[in-house]
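Input: a single structure, listed below in structure tokens.
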Amino acid sequence: MKNKMLWLILCTFWLVSCSDNKSPQWTFKEQIQLNDISPIGIASDGKNLWLSDPDKNRVVKTDLKGKILEEIPNLQRPMHIEFSKGKLFVPEYLTDTIPIIENGRRSFLPLSSKLNAPASIAVDGNTILIADFYNHRIILKKGDKETIIGKEGHNQGELYYPTDVAIHKDLIYVADAYNNRIQIFDKQGNSIQVIGEKDNINVATGIAVSGEQLFVTDFEGNRVLIYDLDGNLVQVLNNRFDKPADGCILDNRLYVASYFNGAITIFDKRK
């Protein structure tokens, strides 16, 4: 009997250890103070960073040390941006439009739905998602077809000022900002999971999804919460941010943009 109990304890310990080891952990590397940039959105082109600076109505490209390489001015409060296949997609909060910038030329994303303060955009091939802030909804555009996801409210399937959106493996991740949570929808608009409701998030502003994890910037809580893709909280990063607004993953590093102190905080992934 004692041998059987010992075997069960050892098996349980082994299972827990293996489960923990499957979830990567992140360690602080450095914080880069930006030169007069107050970033809300961050994206990567695979080599450099793109930062939206709504205070100065611009988007800037920087190297990984924060040096400005390019500036795109005359944007009306750019929010959570996306870089995809050589194109920069910029939600303009004040004009209710989505400029697309490619090789210095601007066009606009055609939409039949009327936006009210677009806060974020995500692009996956010919699928485009927009967080429509004051309309409390997500617009899914595929070709000429547009599908509305969510409506104003606090129940599952409802949204309250969504600020960011991402797509991963045909699932739609929404920063349901003032419901202080993340919601996951399928492409038909069905809410299939709610994450973070018990984690005391204080304005879920930005999200990023990797192959293994979901990253949530807690704007007023000055921290980043990291979940596995089953929705389990696996790590909390704090004490290094001042209004973290967004994050992105590049080369196994996490880059977090903090709005208030104008900084990029970098973390390395380790097993």
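The values are calculated or read from the model by the stated rules, or taken from the named source; none is laboratory data. Everything numeric in this text was worked out from a predicted model, so none of it was measured. Every residue, glycine as well, gets a Cβ built from its backbone with ideal geometry; the counts of neighbours run over all protein chains shown.
Name the residues in segment 64-102 that are under 19 Å from LEU49 (Cβ atoms) and in a loop (DSSP other than H, G, I, E, B), would you? Correct list: LEU64, LYS65, GLY66, LYS67, PRO73, LEU75, MET79, ILE81, LYS85, GLY86, VAL90, PRO91. Please find, within segment 166-209, the residue that is farthest from ALA257 (Cα to Cα) out of those that are touching a Lys or Arg at 6+ places or on another chain (Cβ under 8 Å) and surrounded by 16 or more Cβ atoms within 10 Å (Cβ to Cβ). The selected residue is VAL194. Which one is surrounded by the most Cβ atoms within 10 Å (Cβ to Cβ) among residues in segment 226-271 that are modelled with pLDDT under 95, of a type outside the set (S, T, N, Q) and outside any loop (DSSP other than H, G, I, E, B)? For segment 226-271, the residue satisfying everything is LYS269.
Quick one: ASN103 ticks every box in (1) surrounded by 13 or more Cβ atoms within 10 Å (Cβ to Cβ); (2) farther than 20 Å from GLY157 by Cα bar one, so which box is it? ASN103 satisfies every listed condition except (1).
Determine, yes or no, whether VAL216 is surrounded by 23 or more Cβ atoms within 10 Å (Cβ to Cβ) and of a type outside the set (Lys, Arg). Spelling it out, VAL216 is indeed surrounded by 23 or more Cβ atoms within 10 Å (Cβ to Cβ) and of a type outside the set (Lys, Arg).
Of all residues in segment 169-181, at least one satisfies being more than 20 Å from SER23 (Cα to Cα), without any contact (Cβ under 8 Å) to a residue 24 or more places away in the chain and within 13 Å of the chain's Cα centre (by Cα).
On the stretch given as segment 147-165, residues that are surrounded by 15 or more Cβ atoms within 10 Å (Cβ to Cβ) and not in a loop (DSSP other than H, G, I, E, B) total 6. Here GLY247, GLY231 are screened, and the one residue that is of a type in the set (Gly, Ala, Ser), under 13 Å from the mean Cα position of the chain (by Cα) and closer than 26 Å to ILE139 by Cβ is GLY247.
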